[in-house]
Amino acid sequence: MLSRKNKLVLKKLLSLFSVVRGYNILIIVIAQYLSSIYILAKDASLKEVVLDSKLFVLVFATSLVIAAGYIINNFYDSEKDLINRPRKSMLDRLVSQNTKLSVYFVLNIITVLLASYVSFKATLFFSSYIFMIWFYSHKLKKYPFVGNIIASSLAIAPFFIVFVYYQNFDTVVFFHGLYLVLIISMREITKDLENIKGDLALGYQTLPVTYGIKVTKNLLSGLLVFTCLTIGSLLLFFDIGQMNYYFYLCILLLCFYSVKLWKANRRKQYVLLHNLLKLIIVVGAFSIILIKPNLLLSKIKSLSVLFN
């Protein structure tokens, strides 16, 4: 049996894990490595990718800066979350604001130190990334369009740093990136619809608050059309292997999203739509394997031969 003190420590650790959204970070790490193996460094051996110390440092630094970003975002949104997500907010409040800020600064310092191991450019990138996350959480997220654009850019930055590291400028990489940006943008705007109650109460000038729900839904429908056009381009003009099945499924889910979007008028319905887009992103990360299903297996076999 755990003592009362140990239970409290466990609850605080769970609270901190909830704040930094460790499950999201794990998915981003997996997606970074899969995109490196299948898209960005597809001609490299598995050993070269997995044992690349600089790539590991970049991925680890990304994980730390994202965790810090969630902490500072939670710090500034504590009042809004109390309105929109009262249960999660009570769990998050088990860790004091001072502790959160201390962890935030420590994570960012470690991130910059790790980036300096890779290169001066990496140090500049992560320093800028840290500043933009803070500036977005503190100021920019309260404004329509600008907040959504910056949020989408920050969300795709972990893949951008790996993309720059491998210097892969293939057109297919651009279309994969465009697809991801569009889906993330839709998710961010859907979150604005989901959190409209708290945004109204605290004076956040988000799209639904400033321009109304109907205009926001029209914008989401436009983004959905562009997303489908991007998917069509990937299916028609590029060799994406069996990942085409993922995109076919994605089109069906987006059609479902479109129908439900125009019927939605309650927070619970917007939460469902938000989770649907999150599911599309998560499944998409793992679906990278479908580009060449046998590639990873062959690379693992070649790797095992080298070590035997």
Query - Residue exposure sequence - 243, 132 - by fewest surrounding Cβ within 10 Å - result: 132, 243
Query - Contour excess over end-to-end distance, with Cα ends at residue 146 and residue 286 and 0.36 nm allotted per residue - result: 47.4 nm
Report task. Grab the Cα-Cα distance for residue 226 and residue 53, subtract it from 0.36 nm times how many residues apart they are, and report the gain in nm with one decimal. Result -> 58.5 nm
Query raised in the report: If you take the square roots of the eigenvalues of the alpha-carbon gyration tensor of the stretch 17-307 and sort them as a ≥ b ≥ c, do you get rounded (a/c under 1.5), prolate (a/b over b/c) or oblate?
Result: oblate
Query raised in the report: Within the set 54/217; 80/214; 214/292; 54/197; 260/292; 121/268, which residue pairs have Cα atoms separated by over 32 Å?
Result: 54/217; 214/292; 54/197; 260/292; 121/268
Requested in this report: Identify, among 193, 177, 279, the residue whose Cα sits farthest towards the positive end of the charge dipole of the stretch 17-307, taking +1 on the Cβ of Lys and Arg and -1 on the Cβ of Asp and Glu, with the dipole about the Cα centre.
Outcome: 193
Requested in this report: Rounded to the nearest 0.05, what FRET efficiency do residue 265 and residue 202 give with R0 = 25 Å and r taken as the Cβ-Cβ distance? Could you check?
Outcome: 0.70
Query raised in the report: Can you list the chymotrypsin sites (Phe, Trp or Tyr not before Pro) in the stretch 140-232 that are in a DSSP coil and have 12 or fewer other beta carbons within 10 angstrom?
Result: 169
Report summary line: Heads up, the stretch 118-221 by the C-alpha gyration tensor (a ≥ b ≥ c square roots of eigenvalues; a/c under 1.5 rounded, else a/b over b/c prolate, else oblate) looks oblate
Report summary line: Label model pair residue 275, residue 117: point-to-point distance (7 angstrom along the Cα→beta-carbon line) in nm is 3.8 nm
Report task. May I ask you to sort 114, 290 by Cβ crowding, counting other Cβ atoms within 10 Å and putting the fewest first? Result -> 290, 114
Requested in this report: Would you please give the FRET efficiency between residue 238 and residue 164, computed as 1/(1 + (r/R0)^6) with r the Cβ-Cβ distance and R0 = 25 Å, to the nearest 0.05?
Outcome: 0.75
Report summary line: Counted neighbours (other Cβ, 10 Å), sorted fewest up, put 76, 136 in the order 76, 136
**Report entry** Low-density loop positions, trypsin sites (Lys or Arg not before Pro), the stretch 136-197 - DSSP coil, at most 14 other Cβ in 10 Å
**Finding:** 139
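Read-outs throughout are calculated quantities, based only on the coordinates presented, and are distinct from any laboratory measurement. Just so it is clear, the structure is predicted and the values come from calculations on it, not from any experiment. Every residue, glycine as well, gets a Cβ built from its backbone with ideal geometry; the counts of neighbours run over all protein chains shown.
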